[in-house]
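What follows is a set of notes on a single structure, which appears directly below.
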Amino acid sequence: MLNRIIIMGRLVRDPELRTTQSGVSVTSFTLAVDRDFKSQNGEKNTDFIDVVAWRQTAEFVCKYFAKGRMAVAEGRLQIRDWKDRDGNNRRSAEVVADNVYFGDSKRDSAAGDSYGSPPPYGNPAPASPYGGGYGGGYGAPSAEPSGFAEIDDQDGDLPF
């Protein structure tokens, strides 16, 4: 069986760090995720998806993310059954995030510092062979990768 989900959207409000009675850090936040297609009237619809992060991932989100910041959450979809105040049965869907990544660059967002920040908690992305940090770097490659050579484009014809 496979239960894996990756969503990308903007935080609707600032995340708040809470702790359980046993001292485990937890935060919940909502991402506004635009749909890829437009409705019949030409407007894009937005889904508001609840996300829960635990332990170091929760601390990371609360430290580096704020309202309006683009985030990528990777985890699993969880369905919870609960009763409301009137005793009616309710069902909620949420993403339990294993990893949360920056979805924008430093210059795209006034909140936080995506270049100097540590990698996301969970399983960090492997370093890119092109340099640039944490595997999803936004900068130019730091050095030419081995095995590649620059194509001389003096006559304007491509070699293939």
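Derivation of every value follows stated rules applied to the coordinates shown; laboratory data play no part. Here the structure is a predicted model, which is why all the values come from computation and not from measurement. Using ideal geometry, Cβ is built from the backbone for each residue, glycine included, and neighbour counts are taken over all protein chains shown.
Structural remarks
- Site pair Asn41 and Leu2 shows an inter-label distance of 3.7 nm when each label is modelled 7 Å from Cα along Cα→Cβ.
- With θ taken as phi - 60° and the Karplus curve 6.51 cos²θ - 1.76 cosθ + 1.60 applied, the whole-hertz 3J(HN,Hα) list for region 47-57 is 9, 9, 10, 7, 10, 10, 10, 10, 6, 5, 5 Hz, x standing for glycine and proline.
- Region 18-90: chymotrypsin sites (Phe, Trp or Tyr not before Pro) in DSSP coil with no more than 12 other Cβ atoms inside 10 Å: none
- Trypsin sites (Lys or Arg not before Pro) within region 3-38: DSSP coil, no more than 12 neighbouring Cβ in 10 Å: Arg4, Arg13
- Average Cα contact separation per residue, region 1-112, under 8 Å, 6 or more apart, as relative contact order %: 29
- Shape of region 5-108, Cα gyration tensor, a/c cut at 1.5: oblate
- For Thr57, net neighbour charge (Lys/Arg +1, Asp/Glu -1) across residues whose Cβ lies under 12 Å away: -1
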